[in-house]
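Student: Let me give you the structure first, and then I'll get to my questions.
Values quoted throughout were computed directly from the atomic coordinates according to the rules given, and no laboratory measurement underlies them. These numbers were taken from a predicted model, which means no experiment stands behind them. Virtual Cβ from ideal backbone geometry, glycine too; neighbours counted across all protein chains shown.
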Amino acid sequence: MVEEAMEKADTLIEAMKWIREHRGKTTVIKLGGSLMEDSAAMGHLLVDAVFMETVGMKPVIVHGGGNAISEAMAAAGIERRFVQGRRYTDKQSLEIVREVLARQIPEQLVEELISFGGQAKALSDCFGTNVLYGEKLNMKNENGELLDLGYVGTVTRVDIDQINNLCNRGIIPVIPSYTLMDDGSSQGLNVNADTAATEVAKALKADKLVYVSEVNGVRTDPNDPASMINSLTAEDARALLASGAIVGGMIPKIQACLAAIERGVEKIHIINGRLRHSLLLEIFTSLGVGTEIVDGSKN
């Protein structure tokens, strides 16, 4: 019993260095994918976020909800359609996106964070406090013709005052990837969650941006967990992309990471959200459990 307690004390001592280093700094945590439907994984991640706030960090949660939206659309008899990886969103679909993504999911996340002892607030127009503003996303096909995506947007402005005010009061902001048009209207737009998280991290000048994924990080062999790379510079990541070593769904993830680095975010992490307490292990241990990407040009 005593030895077990001493091991726990050693773990706390190891964490102390990182707690002191990150105290008072902002970390944006992007949640999405099928993890949103894994109650056990989400429970561990949200407990981690509460712990981070408890020791003086400023966690900010940005989330998607693609699977839940697809299920709600199917229940309403609406066939889902994607254009170059973006969900086509007409007026009827947007009503579902707003209800599921901007109301139901953040409300549930806030309730869970509070149940774990934290304080949290959902930030969308559904709750009277919107912080993301945008414009319609203009994408072109291979012929240079503008694609019709419906009400799909990109973030152009983040109300950082609202977010910082909550963080300074010990309240965890929960932000859905849903914006209002940045023209004074109440028109909503469906936004890619990785894009939204990147823009929030950039606007807040976040110390860290953590993409919670379903793999344990960047691998040189996608089928071999042991091939994970613990740390990469942006230059290394670009070289891996060019070499073809990074494949499948990790490609857009790495591209999003590089975009965040280019926009001033200091460190990007990719972690496996199914690993118990992966957020704490990545941030508060020396080795971490995922892949860290940094801007090597500043070293």
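Student: Past the 15 angstrom mark, what percentage of all C-alpha to C-alpha distances in the range 215-264 do you count? All intermediate terms of the calculation are to be shown ahead of the outcome.
Tutor: Details: 486 of 1225 pairs.
Tail of P(r) above 15 Å: 40 percent of Cα pairs.
Student: Could you work out how far the C-alpha centroid of the range 140-170 sits from that of the range 197-241, in angstrom?
Tutor: About 21 Å separates the Cα centre of the range 140-170 from the one of the range 197-241.
Student: Expressed in nm to one decimal, what extension gain is obtained for the pair Asn230 and Asn143 from 0.36 nm per residue of sequence separation less their Cα-Cα distance? Can you show the working numbers first?
Tutor: Numbers: separation 87, 0.36 × 87 = 31.32 nm, distance 4.00 nm.
Using 0.36 nm per residue and subtracting the Cα-Cα distance, I get 27.3 nm.
Student: Next question. Tell me, what HN-Hα J-couplings in whole Hz come from the Karplus equation 6.51 cos²θ - 1.76 cosθ + 1.60 at θ = phi - 60° for each residue of the range 9-23, using x for Gly and Pro?
Tutor: 5, 4, 5, 5, 5, 4, 5, 4, 4, 6, 4, 5, 5, 9, 4
Student: Largest first, please: the extent of the C-alpha atoms of the range 3-104 along each principal axis, to the nearest Å.
Tutor: Result for the range 3-104: principal-axis Cα extents of 58, 28, 25 Å.
Student: In a shell of Cβ-Cβ distance under 15 Å around Thr11, excluding Thr11 itself, what net charge do Lys and Arg (+1) and Asp and Glu (-1) give? Can you show the working numbers first?
Tutor: On the way: positive: Lys8, Lys17, Arg276; negative: Glu3, Glu4, Glu7, Asp10, Glu14, Asp48, Glu282.
Combined, the nearby Lys, Arg, Asp and Glu give -4.
Student: Starting from the amide H of Thr156, placed 1.01 Å from N in the peptide plane, find each other amide H under 5 Å away whose residue is 5 or more places distant or on another chain.
Tutor: Tyr133, Gly134, Glu135
Student: To continue, here is another question. Extending each Cα 7 Å along its Cβ direction at Thr54 and Lys205, get the distance between those two points in nm, one decimal.
Tutor: 3.0 nm
Student: Next question. Once phi is turned into θ = phi - 60°, what whole-Hz ³J(HN,Hα) does the Karplus curve with 6.51, -1.76 and 1.60 give for every residue of the range 160-166, x standing for Gly and Pro?
Tutor: So the J values, rounded to whole Hz, are 6, 4, 4, 5, 5, 4, 5.
Student: Taking the simple approach of a point 7 Å from Cα along Cα-to-Cβ for both Glu71 and Glu21, what is their distance in nm?
Tutor: The two pseudo-label positions are separated by 3.9 nm.
Student: Going down the table (Lys91/Lys253; Lys140/Lys205; Lys30/Lys202), which pairs top 24 Å between alpha carbons? List each step's numbers first, then the result.
Tutor: Numbers: Lys91/Lys253 29 Å; Lys140/Lys205 31 Å; Lys30/Lys202 13 Å.
Among Lys91/Lys253; Lys140/Lys205; Lys30/Lys202, the Cα-Cα distance tops 24 Å for Lys91/Lys253; Lys140/Lys205.
Student: Within a Cβ distance under 12 Å of Leu109, other residues only, what is the Lys/Arg minus Asp/Glu net charge?
Tutor: Values: positive: Arg103, Lys121; negative: Glu107, Glu111, Glu112.
Result for the local shell: -1.
Student: Just subtract the alpha-carbon distance of Ala40 and Glu4 from 0.36 nm times their residue separation and send over the number in nm, one decimal. Write out the running numbers ahead of the final one.
Tutor: Numbers: separation 36, 0.36 × 36 = 12.96 nm, distance 2.53 nm.
The span from Ala40 to Glu4 would gain 10.4 nm if fully extended.
Student: In terms of modelled amide H atoms, which long-range or inter-chain residues lie less than 5 Å from the amide H of Val218?
Tutor: Ile229, Thr291
Student: Further question on the same structure: Using only Cα atoms, what Kirkwood radius does the range 147-278 have, in angstroms?
Tutor: Working: mean 1/r = 0.0607 Å⁻¹.
One decimal place: 16.5 Å for the Kirkwood radius.
Student: Same structure, new question: List the residues whose amide H sits under 5 Å from the amide H of His63, counting only those 5 or more places along or on another chain, with H placed 1.01 Å from N in the peptide plane.
Tutor: Hits under the 5 Å cutoff: Leu31, Ile175, Ser177.
Student: Determine the gain in length on full extension of the stretch Phe82-Glu107; use 0.36 nm per residue of separation and subtract their C-alpha separation, reporting nm with one decimal.
Tutor: Answer, rounded to one decimal: 6.3 nm.
Student: I want the local charge near Lys58. Using Cβ-Cβ distances under 11 Å, sum +1 for each Lys or Arg and -1 for each Asp or Glu among the other residues. All intermediate terms of the calculation are to be shown ahead of the outcome.
Tutor: Numbers: positive: Arg23, Lys25, Arg169, Lys208; negative: Glu53, Asp207.
Net of charged neighbours comes to +2.
Student: Given the range 203-299, report the % of alpha carbon pairs whose separation exceeds 22 Å.
Tutor: Percentage above 22 Å: 21.
Student: What is the ratio of the Cα radius of gyration of the chain to 2.2 N^0.38 Å, with N the residue count, to two decimals? Before the final figure, lay out each step's value.
Tutor: On the way: Rg = 19.2 Å, N = 299, 2.2 N^0.38 = 19.2 Å.
In units of the 2.2 N^0.38 Å rule of thumb, it is 1.00.
Student: Another question, then. I want to make sure I understand the PRE zone here: with the label point 7 angstrom from the Cα of Arg263 toward its beta carbon, which residues in the range 128-150 have backbone N atoms less than 19 Å away?
Tutor: Within reach of a label on Arg263: 130-140.
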